[in-house]
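Visitor: Once you've had a glance at the structure underneath, I'll fire off some questions.
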Amino acid sequence: MKYFSTRGSPRELTFENAVFEGLADDGGLYIPQYIPKISDKELLEWANIKEFPTLASKLFRKFIPEDQLATAELEQIVKKSYSTFETPNDATPLAKLPKANETSEKSFSQLYVLELFHGPTFAFKDVALQLLGNLFEVFLTKHNDKLGDDEKPRRVTVVGATSGDTGGAAIYGLRVKKNIDVFILHPEGRISPVQYKQMTSVLDRNVFNISVEGTFDDCQDSVKSLLGDLDFKRKYQLGVINSINWARIMAQISYYFHSYFSLLRKLGKEITIENIKNTKVQYSVPTGNFGDILAGFYAKEIGLPIHKLIIATNENDILHRFLETGSYKKNPKAGVVQTHSPAMDILVSSNFERLIWYLAFKENASLTDLPSSFEQFDSNRKSAKTASETIAKYMKDLNSTGEFKVSSKMLEFAKSIFSSSRVSNDETRDTISKYYWTPKTKFNQIPYILDPHTAVGVLTAERELIKTKEDVYTICLSTASPGKFPEVVLAAINEPSSYSQSKDAIITFNEIAPKELIELEGKPTRCTHVPTNGKKEIAISKVRQIIESVCSDIAL
Ligand SMILES: *Cc1c(COP(=O)(O)O)cnc(C)c1O
């Protein structure tokens, strides 16, 4: 299996090279030539695997050819990647929400949360970045072991921008890794104190935090500009770790499978192919860059019988508006809206390009399904080329006019898989409050504390359950620990609301945060400050200098 760019560059890359390149030179995103489908027999086999790393290895095997990584090697990497999670064999546990005020008995019994925040930085990005760090390391080591004496070792210089969560997860995934340096830019004073501490208290030699005077977009622009300088990119072997990297999407497919099977077990259903297929399960996914939910799309295409994928957005609702109109249009108001769920504050969703490619392909190809084998891909190359041309044009339109519009057929395809909802700041706070202040009389229940991103997903799921008459279980992806966003969570719970049952019940940071986050207080930190006088060019040139000064001795 090879990977190619959504925008039609003729290059076809191995898994390894697609992971190191991240973004294609034509600006496109790498996708696999085909999406392997699993048989009923295999689905049943996978459903009987309870250990998360074992199941994940089987899945990743489908996307990484054996000549790139032997099975034993792959299993070892996967096992190592999830050994840093609280319970490695159930790295992403499924939990039941308590019955909140106003939720019906029915929706209560059918609503679950998939806790993706039990990794080292307490956000779901760990699931992918722990793996990505180990993949980088293993591929570099394999490459360098074969070198002659006078050849310089291959390295990777990771440069990434973060609005808070990605940076931490990347740093924890890459710290102390051989032949890797990591530079993370964040907008000064615009990330939460917990996130700042988490990143800058990592003092390993290969980790460089840079705080840029400006916004997240300024940081992102600096990174894009460095990646766009192809000489610089090659010289320092720049790598990307944001969610456009294929390995991150692949890693995230794993927990759709794991949670689906966990749910059947929790419901006490016997694991049979009929039960797998006849139990209706859908996912509500708090969405920003469309990485997490795109993994759900792949899971469905591989053969997990997912009923629907629900896009939950905050006020940065480009995806919600797209599903309503077929037009993908940047917010006409001034830029990104700052919300209570900052990891979803985006103007456009980068990974959406991958989905659109599939929709365009489906419209063109004579196949009813997407290619699931190399032969099917190979005999549909013409449709693939047309799809890529369509995407290239859309992206050009988006750049020049701020908008592109898909055909009604493409929108119809999208609507058959996805639905969506938009949640405001007030609704986010209300939802957190509601699930904390659950009535204690009828059910002997303990309160559940949602983080703001998860709250967006949970409210979206409730709305979806009200709309449907079908018996369908909904799994809400819980993307962060509430302890990572204490400002919003504590305000939602402590301030008077229509749900609070006590005037003086005050909970504190120490009660909602894992001990590792509490212990960050007082730790020494290291961070390079980059003043910009409000000029982007200054940020770019200073970041460039920092990278050059650290890496000059290793550049080829
Ligand atoms: C990154 C992030 C998201 C958004 O995920 P996408 O893959 O960008 O859609 C949601 N919640 C949290 C807490 C995150 O860190």
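Visitor: Report every pair of residues separated by at least 6 positions or lying on different chains whose Cβ atoms are under 7 Å apart, first residue within region 462-491 and among the aromatic types (Phe, Trp, Tyr) and in a loop (DSSP other than H, G, I, E, B), second crowded, with 22+ Cβ neighbours inside 10 Å and modelled with pLDDT of 95 or more.
Guide: Phe485/Asp451; Phe485/Pro452
Visitor: Taking region 21-57, which residues are closer than 22 Å to Tyr358 by Cβ and among the basic types (Lys, Arg)?
Guide: Lys37
Visitor: Pull up region 143-201, narrow it to residues that are in a helix (DSSP H, G or I) and charged (D, E, K, R), then point me to the one that is modelled with the lowest pLDDT.
Guide: Asp165
Visitor: Looking at region 354-362, can you tell me whether even one residue there is hydrophobic (A, V, I, L, M, F, W, C) and within 16 Å of the ligand (Cβ to nearest atom)?
Guide: yes
Visitor: Run down Ser254, Ser192, Ser222, Ser211 and say which single residue is surrounded by 24 or more Cβ atoms within 10 Å (Cβ to Cβ) and under 29 Å from Gly534 (Cβ atoms).
Guide: Details: Ser254 fails: under 29 Å from Gly534 (Cβ atoms); Ser192 fails: surrounded by 24 or more Cβ atoms within 10 Å (Cβ to Cβ); Ser211 fails: surrounded by 24 or more Cβ atoms within 10 Å (Cβ to Cβ).
Of Ser254, Ser192, Ser222, Ser211, the one residue that is surrounded by 24 or more Cβ atoms within 10 Å (Cβ to Cβ) and under 29 Å from Gly534 (Cβ atoms) is Ser222.
Visitor: I'm told Lys280 meets every condition in (1) out of contact with any Asp or Glu (no Cβ under 9 Å at 6 or more places or on another chain); (2) surrounded by fewer than 17 Cβ atoms within 10 Å (Cβ to Cβ) except one. Can you identify the failing condition by its number?
Guide: Exception for Lys280: condition (1).
Visitor: Hey, can you tell me all the residues within region 219-258 that are farther than 25 Å from Gln33 by Cβ, within 16 Å of the ligand (Cβ to nearest atom) and at pLDDT below 90?
Guide: Result: Gln220, single match.
Visitor: Examine region 356-368 for a residue that is buried (at least 17 other Cβ atoms within 10 Å of the Cβ), within 18 Å of the chain's Cα centre (by Cα) and touching a residue at least 24 places away in the same chain (Cβ under 8 Å), and state whether such a residue exists.
Guide: Yes: region 356-368 contains one or more residues that are buried (at least 17 other Cβ atoms within 10 Å of the Cβ), within 18 Å of the chain's Cα centre (by Cα) and touching a residue at least 24 places away in the same chain (Cβ under 8 Å).
Visitor: Also, I was wondering about something else. In region 442-461, how many residues are of a type outside the set (A, V, I, L, M), more than 9 Å from the ligand (Cβ to nearest atom) and touching a residue at least 60 places away in the same chain (Cβ under 8 Å)?
Guide: Result for region 442-461: 6.
Visitor: Within the group Gly239, Gly228, which residue is small (Gly, Ala, Ser), touching a residue at least 40 places away in the same chain (Cβ under 8 Å) and farther than 18 Å from Thr479 by Cα? Steps first, answer last, please.
Guide: Details: Gly228 fails: touching a residue at least 40 places away in the same chain (Cβ under 8 Å).
Gly239 is the lone residue from the list that is small (Gly, Ala, Ser), touching a residue at least 40 places away in the same chain (Cβ under 8 Å) and farther than 18 Å from Thr479 by Cα.
Visitor: Of the residues Ser350, Ser327, only one is more than 16 Å from the ligand (Cβ to nearest atom) and surrounded by fewer than 19 Cβ atoms within 10 Å (Cβ to Cβ); which? Steps first, answer last, please.
Guide: Details: Ser350 fails: more than 16 Å from the ligand (Cβ to nearest atom).
Just one listed residue meets the conditions, Ser327.
Visitor: Which of the following residues is among the aromatic types (Phe, Trp, Tyr) and at pLDDT below 95: Phe52, Phe85, Phe4, Phe20?
Guide: Phe20
Visitor: While we're looking at this one, here's another question. Report every pair of residues separated by at least 6 positions or lying on different chains whose Cβ atoms are under 7 Å apart, first residue within region 183-197 and closer than 19 Å to Asp126 by Cα, second surrounded by fewer than 18 Cβ atoms within 10 Å (Cβ to Cβ) and of a type in the set (D, E, K, R).
Guide: Ser192/Glu487; Lys197/Lys523
Visitor: Could you please tell me which pairs satisfy a Cβ distance under 8 Å, a separation of 6+ or placement on different chains, a first residue in region 110-126 that is more than 16 Å from Ala312 (Cα to Cα), and a second residue that is away from the ligand (no atom under 12 Å from the Cβ) and part of a strand (DSSP E or B)?
Guide: Close Cβ pairs (under 8 Å, with a partner that is away from the ligand (no atom under 12 Å from the Cβ) and part of a strand (DSSP E or B)) amount to Gln110/Tyr473; Gln110/Thr474; Glu115/Leu94; Glu115/Ala95.
Visitor: Among the numbered criteria (1) over 20 Å from the mean Cα position of the chain (by Cα); (2) within 16 Å of the ligand (Cβ to nearest atom); (3) closer than 15 Å to Ile546 by Cβ, which one does Pro187 miss?
Guide: Only one criterion in (1) over 20 Å from the mean Cα position of the chain (by Cα); (2) within 16 Å of the ligand (Cβ to nearest atom); (3) closer than 15 Å to Ile546 by Cβ is unmet by Pro187, namely (3).
Visitor: Would a scan of region 83-95 turn up a residue that is within 23 Å of Tyr473 (Cβ to Cβ), under 20 Å from the mean Cα position of the chain (by Cα), surrounded by 16 or more Cβ atoms within 10 Å (Cβ to Cβ) and among the polar types (S, T, N, Q)?
Guide: Within region 83-95, one or more residues are within 23 Å of Tyr473 (Cβ to Cβ), under 20 Å from the mean Cα position of the chain (by Cα), surrounded by 16 or more Cβ atoms within 10 Å (Cβ to Cβ) and among the polar types (S, T, N, Q).
Visitor: Determine, yes or no, whether Tyr283 is modelled with pLDDT of 95 or more, under 30 Å from Leu227 (Cβ atoms) and within 16 Å of the ligand (Cβ to nearest atom).
Guide: No.
Visitor: Could you check Thr14 against (1) touching a helix residue (DSSP H, G or I) at 6+ places or on another chain (Cβ under 9 Å); (2) surrounded by fewer than 22 Cβ atoms within 10 Å (Cβ to Cβ); (3) under 26 Å from Asn351 (Cβ atoms) and say which number it fails?
Guide: (1)
The values are calculated or read from the model by the stated rules, or taken from the named source; none is laboratory data. Only a predicted model underlies this, so the values are computations on that prediction, with no experimental measurement involved. In this analysis, Cβ positions are derived from the backbone assuming ideal geometry, glycine residues included, and neighbour counts consider all displayed protein chains.
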